[in-house]
Amino acid sequence: MKMLTRLVTQPPLLYRLLFPEAFWRVKMTGAAPKVFLTFDDGPIPEETPWVLDVLDRYGIKATFFMVGDNVRRHPELLEEVKRRGHSWGNHTMHHLQGMKVTARRYLRDVAEAHDIIGSTLFRPPHGLIRWTQAKVLKEHFNIVMYDLVTRDYARKVDADEVFDNVRRFVRNGSIIVFHDSLKASANMRAALPRSIEWLLSQGYEFHRLPM
């Protein structure tokens, strides 16, 4: 079970090597360790404003990977993310898994989202993408994967386990994934402040991903 948790929470080297053009972890210099908080699947009015308020409370910046259809319905939330100084990226228009659709459909979906999101950052939903899709997308986007998935969305994981995943697997330069979604709400709301406070106590600095 511990091995399975690690494989899901921190992608194995072999999978990372399949997509060398993607950012999995940021190489850092300097004395203080740094992390990059990211939030997937929003923006939605039930969760994203709450996340923004928490980030403001601690004075930190993050990056939001947005589903285009959510932005279409709630454009004011994209503007609020911008206003508060965070960065944002494309998470496809309809949260498509690249392995389940053709390259043509996938690329069209990403392009539709780009028209309303307007970012050069892209993260594939679930981290799943075909090599042919990635080859085209890397010509237009910086593909951002992750170094640590908190698993806040998982039904069989509670908030204590989400927090424990952060403590166990974080390292200097980690790109950490939480979700501003209804599915992850209970775990994310309980674990996010605890995770931020613990990381700060360990000397970590928080940065947004550059656009």
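The values are calculated or read from the model by the stated rules, or taken from the named source; none is laboratory data. Quick caveat: nothing in here was measured; it's all calculated off a predicted structure. Because the Cβ atoms are built from the backbone with ideal geometry, glycine has one as well, and the counts that use them run over all protein chains shown. Areas reflect the complete protein model, heavy atoms only, side chains present, ligands, DNA and RNA absent. Shrake-Rupley method; radii C 1.70, N 1.55, O 1.52, S 1.80 Å.
What are the pairs, 6+ residues apart or on separate chains, where a residue within region 126-146 that is closer than 12 Å to residue 92 by Cα and among the small types (Gly, Ala, Ser) has its Cβ under 6 Å from a residue that is modelled with pLDDT under 95 and open to solvent by less than 10 Å² (accessible area, probe 1.4 Å)?
Filtered contacts from region 126-146: no entries.
Tell me which residues, restricted to region 74-128, are over 24 Å from residue 207 (Cα atoms), assigned to a loop (DSSP other than H, G, I, E, B) and not aliphatic (A, V, I, L, M).
If the condition is that a residue be over 24 Å from residue 207 (Cα atoms), assigned to a loop (DSSP other than H, G, I, E, B) and not aliphatic (A, V, I, L, M), then 74, 94, 95, 97, 102 are the ones that fit.
Name every residue in region 32-86 that is on the phi > 0 side of the Ramachandran plot and out of contact with any Asp or Glu (no Cβ under 9 Å at 6 or more places or on another chain), in order of residue number.
59, 85, listed by residue number.
Among the residues of region 123-142 satisfying the criterion of being open to solvent by less than 20 Å² (accessible area, probe 1.4 Å) and touching a helix residue (DSSP H, G or I) at 6+ places or on another chain (Cβ under 6 Å), which is farthest from residue 27 (Cα to Cα)?
Looking at residues that are open to solvent by less than 20 Å² (accessible area, probe 1.4 Å) and touching a helix residue (DSSP H, G or I) at 6+ places or on another chain (Cβ under 6 Å), I get 133.
For region 92-119, name all the residues that are of a type in the set (Val, Ile, Thr) and within 21 Å of residue 73 (Cα to Cα).
92, 110, 116, 117
With respect to residue 117, is the statement that it is touching a residue at least 60 places away in the same chain (Cβ under 8 Å), open to solvent by less than 50 Å² (accessible area, probe 1.4 Å) and under 24 Å from residue 80 (Cα atoms) true? Steps first, please.
Values: touching a residue at least 60 places away in the same chain (Cβ under 8 Å): no; open to solvent by less than 50 Å² (accessible area, probe 1.4 Å): yes; under 24 Å from residue 80 (Cα atoms): yes.
It is false that residue 117 is touching a residue at least 60 places away in the same chain (Cβ under 8 Å), open to solvent by less than 50 Å² (accessible area, probe 1.4 Å) and under 24 Å from residue 80 (Cα atoms).
From (1) out of contact with any His (no Cβ under 9 Å at 6 or more places or on another chain); (2) surrounded by fewer than 21 Cβ atoms within 10 Å (Cβ to Cβ); (3) of a type in the set (Val, Ile, Thr), pick out the condition that doesn't hold for residue 44.
Here residue 44 meets the rest and fails (1).
What are the pairs with Cβ atoms under 7 angstrom where one residue, in region 180-200, is closer than 21 Å to residue 169 by Cβ and the other, located anywhere, is among the polar types (S, T, N, Q) and in a helix (DSSP H, G or I)? Sequence gap at least six, or different chains.
180/48
Within region 40-60, which residues are in a helix (DSSP H, G or I) and not hydroxyl-bearing (Ser, Thr, Tyr)?
49, 50, 51, 52, 53, 54, 55, 56, 57
A quick yes/no check of all residues on (1) surrounded by fewer than 16 Cβ atoms within 10 Å (Cβ to Cβ); (2) among the charged types (D, E, K, R):
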{"residue": "29", "(1), (2)": "yes, no"}
{"residue": "33", "(1), (2)": "no, no"}
{"residue": "56", "(1), (2)": "yes, yes"}
{"residue": "63", "(1), (2)": "no, no"}
{"residue": "70", "(1), (2)": "no, no"}
{"residue": "73", "(1), (2)": "yes, yes"}
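Can you tell me which residue within region 111-139, out of those that are in contact with a strand residue (DSSP E or B) (Cβ under 8 Å, 6 or more places away or on another chain) and over 23 Å from residue 184 (Cβ atoms), is modelled with the lowest pLDDT?
Filtering first and then ranking leaves 134.
Looking at 79, 112, which is the one that is farther than 18 Å from residue 179 by Cα, without any contact (Cβ under 8 Å) to a residue 24 or more places away in the chain and open to solvent by 20 Å² or more (accessible area, probe 1.4 Å)?
79
Within region 87-106, which residues are open to solvent by less than 60 Å² (accessible area, probe 1.4 Å) and either touching a Leu at 6+ places or on another chain (Cβ under 7 Å) or more than 15 Å from residue 119 (Cα to Cα) (or both)?
Within region 87-106, 87, 88, 89, 90, 95, 96, 97, 98, 101, 103, 106 qualify.
Of everything in region 150-193 that's of a type in the set (S, T, N, Q) and outside any loop (DSSP other than H, G, I, E, B), which residue is nearest to residue 37 (Cα to Cα)?
Step by step, filter region 150-193, then rank; the result is 174.
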